[in-house]
1. Looking at (1) surrounded by 18 or more Cβ atoms within 10 Å (Cβ to Cβ); (2) at pLDDT 80 or above; (3) more than 22 Å from Ile12 (Cα to Cα); (4) in contact with a Phe, Trp or Tyr (Cβ under 6 Å, 6 or more places away or on another chain), which one does Ile69 not meet, given that it meets all the others?
2. Could you grab me the full set of residues in the range 17-68 that are in contact with a Pro (Cβ under 6 Å, 6 or more places away or on another chain) and of a type in the set (Phe, Trp, Tyr)?
3. Taking Glu60, is it under 30 Å from Val135 (Cα atoms) and not small (Gly, Ala, Ser)?
4. Go over the candidates Glu19, Glu23 one by one and state the one that is outside any helix (DSSP H, G or I), exposed (fewer than 15 other Cβ atoms within 10 Å of the Cβ) and at negative phi.
5. If you scan the range 15-71, which residues turn out to be without any contact (Cβ under 8 Å) to a residue 60 or more places away in the chain and among the hydrophobic types (A, V, I, L, M, F, W, C)?
6. How many residues are more than 26 Å from Trp113 (Cα to Cα) and either surrounded by 16 or more Cβ atoms within 10 Å (Cβ to Cβ) or acidic (Asp, Glu) (or both) if we restrict to the range 52-66?
7. Taking the criterion of being at pLDDT 80 or above, out of contact with any helix residue (DSSP H, G or I) (no Cβ under 8 Å at 6 or more places or on another chain) and under 30 Å from Lys47 (Cβ atoms), would at least one residue in the range 99-109 satisfy it?
8. Do you know which residues across the range 36-55 are farther than 23 Å from Lys109 by Cβ and modelled with pLDDT of 85 or more?
Amino acid sequence: GKKKYYGDIPHIVLTGTYESLNEKSIRIKFKNTSHLFPVDSIMTLEKSLGTHGNFRKGAEIGFITGSFIGSIVYIGATGFNYGASIVVGCLLFGIPSSFVGGIFGSAIKTEHWEEVPLDRFNGGFNPPDRYYPIVRFQFPLRK
């Protein structure tokens with residue numbers, strides 16, 4: 001796990017596979033070993049929603065970058081006609097660059113997490129689905 005600070009409280013973040021829960025403890029599997037953790041010691045709990053590509057973010061970055069470069073190129077080629085340069089830059093460079101950026105963004109996968117409210121432990125915990133049973137949680141380090 002990674003040592004971090006939650007306000008002034010040093011804590012550790014662990015990621016593992018959810019196995020079971022009762023009123024007092026949660027069982028998490030790390031590699032090939034299961035461990036029980038007291039529920040009341042957990043500061044935050046998140047369940048994985050899986051990894052996803054970033055097409056939209058890549059397309060946005062590609063569009064902005066391409067439009068900017070296209071506008072500069074058009075200004076350099078035709079003089080200082082700002083209005084036309086922005087339109088031409090967006091059309092000729094921004095739109096194609098957004099597709100290239102989207103392709104690169106799709107190749108970059110990031111893990112997405114959803115926080116599980118800790119008050120849900122009182123009424124039981126709806127475990128992550130069988131496709132993404134990964135959980136990440138924080139608890140304080142003891143001195």
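The values are calculated or read from the model by the stated rules, or taken from the named source; none is laboratory data. Since the structure is predicted, the reported quantities are computational estimates derived from the model, not experimental observations. Glycine also receives a Cβ, built like all others from the backbone with ideal geometry; neighbour counts cover every protein chain displayed.
1. (1)
2. So in the range 17-68, the residues in contact with a Pro (Cβ under 6 Å, 6 or more places away or on another chain) come out as 17-18, 25, 47.
The answer is Tyr18, and nothing else.
3. Against the criterion (under 30 Å from Val135 (Cα atoms) and not small (Gly, Ala, Ser)), Glu60 does not qualify.
4. Values: Glu19 fails: exposed (fewer than 15 other Cβ atoms within 10 Å of the Cβ).
None of the other options fit; the residue is Glu23.
5. Phe30, Leu36, Phe55, Ala59, Ile61, Phe63, Ile64, Phe68, Ile69
6. The total comes to 3.
7. Yes, that holds for at least one residue.
8. Answer for the range 36-55, where residues must be farther than 23 Å from Lys109 by Cβ and modelled with pLDDT of 85 or more: just Leu36.
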